[in-house]
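Everything below concerns the one structure shown next.
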Amino acid sequence: MSSSSDNPLVRFAAFWWALGVFALFGFSLLVVKLFTNSGEKPNALEEAAAAKRYEVRATVNTAQDAAFQYKEVEAGKVVQVPPHDVFAHLGQGLLSAKPVAVEKPEQIVPGSDRQMALSGAPVVDLAAVDALTPGPEVPVDPALIEAGKAQYMGGGACIACHGPTGEGGPIAPTLAGSEWVTGPVSNLIRIQLRGLGGPIQLKGAIYTPPVPMAALAHQDDNQIAAVLTYVRNSFGNKASAVLPEQVKMLRSEVGKPALVEADLIKP
Ligand code: HEC
């Protein structure tokens, strides 16, 4: 009687078993590799999507720059609309601010570092921030309004989109008589720190911006408090001052996706 190893059938079966085990081993290696890479992959996806958006934004910026040039207002009188140095300033401000790869909640890839960080971010107590707002009887320091005006025209570059008299225009809504401006201070601070996109109800109409307002978090606490105090006390508006402490309490908002109206407290 011959041993089983001499049996061609047994040898044939053993060959296929060996091949099967080898393939299974290779497959499990692949699974382990995919599993260990899963931490980097969402980040890479997020970054790639962000790079694409930056490209699009650069193209839009170039087109806008070309559109905002000199205009002849009357025969022989040429003005720059709007002032070009404001745009240069705004660009500089946005550049020095940390670029936000994620602008909308749906751009966050589950499992990315950002998602982990945001899910662990402290919940901000908006009511506590608004509770610090001085009452209407407290006079607003004119020096603060002056500082805010400089910020509006310069470092914050609000003028570029909202116009010199806060009237707004094709690229931004009005600040004059806006219920948001004189409403809860936490809304205004969060808009500065996170930006705002999508349709918003304003003075009885729905305003839909062509481009969202970018976060202007490069401004420090004093600058944000001053500029918001300025808009709350200009263009026919009248409301309390905004305190730097209130801005400070909301700094953890920086880096979160741009706000939409539903994220705000109804004024
Ligand atoms: C790049 C253009 C741009 C700049 C610069 C800008 N904004 Fe805006 N702002 C917008 C747009 C667009 C909206 C509306 C966003 C929306 O409806 O989703 C808006 C909305 C607002 C709102 C809420 C709506 C309203 O009109 O009351 C406030 C308040 C505001 N901006 C204040 C400021 C202040 C203060 C600055 C400067 C520190 C500033 N913005 C700079 C474009 C801009």
query = Using a 1.4 Å probe, how large is the accessible area of W16, given in Å² and rounded to the nearest 10?
reply = 130 Å²
task = Can you send over the solvent-accessible area of V109, 1.4 Å probe, protein chains only, in Å² to the nearest 10?
result = 30 Å²
task = Ignoring everything but the protein chains, give the 1.4 Å probe accessible area of T165 in square angstrom, nearest 10.
result = 80 Å²
request  = Please arrange I108, I189 by accessible surface area, largest first, computed with a 1.4 Å probe and ligands excluded.
outcome  = I108, I189
note = Projected area averaged over all directions for the convex hull of the alpha carbon atoms of the range 154-217, nm², comes out at 4.2 nm²
inquiry  = Multiplying the sequence separation of V211 and A50 by 0.36 nm and subtracting their Cα-Cα distance, what value in nm do you get?
reply    = 56.3 nm
key: Distant-in-sequence amide H partners of L202 (H built 1.01 Å from N, under 5 Å)   = Y207
query = Which of the residue pairs K77/K203; K149/K248; K203/K238; K52/K256; K203/K248; K52/K248 have a Cα-Cα distance greater than 27 Å in the structure shown?
reply = K77/K203; K203/K248; K52/K248
ask   = Taking the radius of gyration and the Kirkwood hydrodynamic radius from Cα positions alone, what is the Rg/Rh ratio for the range 113-263, to two decimal places?
value = 0.95
In sequence order, calculated HN-Hα J values of the range 130-141 (Karplus, 6.51, -1.76, 1.60; Hz; x Gly/Pro) = 5, 5, 7, 4, x, x, x, 7, 7, x, 8, 5
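The values are calculated or read from the model by the stated rules, or taken from the named source; none is laboratory data. This one's a predicted model, so the numbers in the text were calculated from it and none came from an experiment. Heavy atoms of the whole protein, side chains included, go into the accessibility calculation; ligands, DNA and RNA do not. Shrake-Rupley method; radii C 1.70, N 1.55, O 1.52, S 1.80 Å.
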